[in-house]
Amino acid sequence: MQAAISVGVEADQPTLDALFRAHVPRALRLAILLTGSRALAEDIVQEAFIRVATRRRALRDPHAFAPYLERAVVNQVNSHFRHQRVVRKHAAATQPSDVAVVDPDVATRDLLWAALQRLSERRRSALVLRYYDDMAEREIAAVMGCRPGTVKSLISRGLAQLREELGDV
């Protein structure tokens, strides 16, 4: 099976199996933090890996697979949440207005998680990449496709929004 995977791959490029084993665990952790769901994260990482792996010969730096995969994961997560917003907006427009929504009393962890989910995808991505993945601002900028100054702004505004929402929690 291994020989079948490496057929047609240049000698200096790792096999798909090697790329998968080396990069998917970190990408999966990133996706779990961005989505809050392991099942959804696995689907997103699988899709992102397939997209990057099938285009790896076209990558500017074929040996920099990890940053390309991380960028693809962030893009897939953002795409998923954009789609979910459209679905919710459509559902809200067609739902009867007399239905009351009651928020349950939750623990501090759940409050923090909920507040994090209310951040925009870009702010949430910047915060997760900075404080969980411990990336430098330049690395985050490369993954998110923006400038380091934008990353600083996203992190600052994201933290300010979390502080405002959570208060003394």
Net lengthening on full extension, ARG109/GLN84 (0.36 nm per residue, minus Cα-Cα)
6.6 nm
Using a basic spin-label model with each label point 7 Å from the Cα along Cα→Cβ, how many nm lie between GLN46 and ALA92?
3.1 nm
Given points 7 Å out from each Cα along the Cα-Cβ axis, report the TYR131 to ALA18 separation in nanometres with one decimal.
3.8 nm
When N is the residue count of the range 107-162, what does its C-alpha Rg come to as a fraction of 2.2 N^0.38 Å?
1.10
Distance between modelled label sites at SER37 and LYS152, nm, 7 Å Cα→Cβ extension
3.7 nm
HN-Hα J couplings of the range 138-146 from phi, Karplus 6.51/-1.76/1.60, θ = phi - 60°, integer Hz, Gly and Pro as x?
5, 5, 4, 4, 5, 5, 8, x, 9
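The numbers here are math on the coordinates, done by the rules we state, and not lab data. Here the structure is a predicted model, which is why all the values come from computation and not from measurement. Ideal geometry is used to build each Cβ from the backbone, glycine not excepted, and the neighbour counts take in all protein chains shown.
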